Amino acid sequence: LLIVCDPLLGGKTIRIGGNGFSLSITEPDGWEIEFGAASQIANFVMHPAGSSWRESPVVAFGRLTPRSSQETLEAFVGRDTEELQKSCPFYEAKDLDLDLKGFRRFLVQELSCPGVRDEIVAVTEVPGFFVTFVLSSDRRDSLDGAVLPFREMLSSFEWVSREPPSASPQPRPR
């Protein structure tokens, strides 16, 4: 289920419903969010309007990854960092504060594989999932120019868990 609402100010708010949850994010002005366009690597992709995600010099991906109740955010990010190190032995990583609005805690890192790709990765945990947002570019100036819309999208992120309806009706009080 996908619902798009135009707020009075800013970009469109997009609400997505899944099995037992819904999430919403704001599509920043001048950017487009597409679902299914990059399904092999992400649940949705965001890129500057007027381009495709494949042609854009900068793109943001959003991914939901199932998690067990014992798995921590730090362990999940650590595994991703190990994978990066295998593909880019000279990578550089540093923690980043994007000064996000809202109540959601994100673990944010700036990652660089010199001469290949620069990324800002923001990960949060929600019931049953890790949610990963990646701002990515092979040009550092393009990445820097896209931090504000990326921050707007992250700050707007909301997650609502829904309990499935009870299988048996509850007795009514008299």
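The values are calculated or read from the model by the stated rules, or taken from the named source; none is laboratory data. If you're wondering where the values come from, they're calculated on a predicted model, not measured in any experiment. In this analysis, Cβ positions are derived from the backbone assuming ideal geometry, glycine residues included, and neighbour counts consider all displayed protein chains. Calculation scope for accessible area: heavy atoms of the full protein, side chains included, ligands and nucleic acids excluded. Shrake-Rupley method; radii C 1.70, N 1.55, O 1.52, S 1.80 Å.
Name every residue in the range 129-159 that is within 15 Å of the chain's Cα centre (by Cα), open to solvent by 10 Å² or more (accessible area, probe 1.4 Å) and small (Gly, Ala, Ser), in order of residue number.
Ser155, Ser156
Taking only the range 96-124 into account, find how many residues are polar (S, T, N, Q) and either without any contact (Cβ under 8 Å) to a residue 40 or more places away in the chain or open to solvent by 90 Å² or more (accessible area, probe 1.4 Å) (or both).
Qualifying residue count for the region: 2.
Scanning the range 72-95 for residues that are in a helix (DSSP H, G or I) and among the hydroxyl-bearing types (Ser, Thr, Tyr), which turns out most open to solvent (accessible area, probe 1.4 Å)?
Once the filter is applied, the top-ranked residue is Ser87.
Do any residues in the range 128-139 that are in contact (Cβ under 8 Å) with a residue 40 or more places away in the chain have Cβ atoms under 6 Å from those of residues that are of a type in the set (Gly, Ala, Ser) and in a strand (DSSP E or B), where the two are at least six apart or on different chains, and which pairs are they?
Phe133/Gly62; Phe133/Ala122; Leu135/Ala60
Scan the range 110-153 for residues that are small (Gly, Ala, Ser) and part of a strand (DSSP E or B) and jot them down.
Result: Ser112, Ala122, Ser136, Ser137.
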